[in-house]
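Everything below concerns the one structure shown next.
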Amino acid sequence: MATSKSSKKAKSKNAKKPQAEAKAAKLSALDAAAKVLAETGKPMSCNQMIETMGAKGYWSSPGGKTPASTLYSGILKEISTKGKESRFKKTDRGQFARA
């Protein structure tokens, strides 16, 4: 009987929160960038987007050294893979706007 009680305790300790709650609370860098671009309505550089996302509390770097470069490559990847369905468009060198 002691083993059944300990297994019940282990199951309750390992219970996780539903993933929908965790994802709704925190935006990804790309989602936050799309939100910032939609709100401003003007093209921005990745550095400007990172600063604005942090100031508004949408997203902050989890300790990365080059979040702007990571965001830049993520935006370019979305543009190249999704094409016309991408949320972003490149307007000038280093500048992106909401598509």
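The values are calculated or read from the model by the stated rules, or taken from the named source; none is laboratory data. All values reported here derive from a predicted model rather than from experimental measurement.
Figures for the structure shown
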read-out: Residue among A38, A34, A24 that alone is modelled with pLDDT of 95 or more and under 12 Å from the mean Cα position of the chain (by Cα); value: A34
read-out: One residue from A55, A68 being under 15 Å from A29 (Cα atoms), more than 14 Å from the chain's Cα centre (by Cα) and among the aliphatic types (A, V, I, L, M); value: A55
read-out: Residue among T3, T52 that alone is at pLDDT below 95 and assigned to a helix (DSSP H, G or I); value: T3
